[in-house]
């Protein structure tokens with residue numbers, strides 16, 4: 001079950017960005033708001049995962065000595 005949606009986020013777009021996003025949402029057959037939410041969420045997840053990997057690399061430097069082979 002989805003959590004109740006109570007938060008709102010507003011953005012300003014250029015006419016080109018607006019047209020591009022609306023066209024892509026239309027092609028996907030999804031409302032613009034859902035298209036934007038899904039795209040932003042995918043990007044946010046990717047950025048956070050990459051940041052976590054980089055943080056881990058700073059904490060545990062890579063070397064042959066600290067790699068566990070299976």
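Results, tabulated for the structure shown:
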quantity	calculated
Region 15-62 - Debye-derived log10 I(q)/I(0), Cα point model, q = 0.16, 0.18 Å⁻¹	-0.56, -0.62
Theoretical FRET efficiency, 1/(1+(r/R0)^6), r = Cβ-Cβ of residue 41 and residue 18, R0 30 Å, to 0.05	0.90
Modelled FRET efficiency - R0 25 Å, residue 27 with residue 4, Cβ distances, 0.05 increments	0.25
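Just so you know, all these numbers are worked out from the coordinates, no wet-lab data involved. As the structure is a computational prediction, the values presented were derived from the model and not from experiment. A quick note on method: Cβ atoms are made from the backbone with ideal geometry, for glycine too, and the neighbour counts reach across all protein chains shown.
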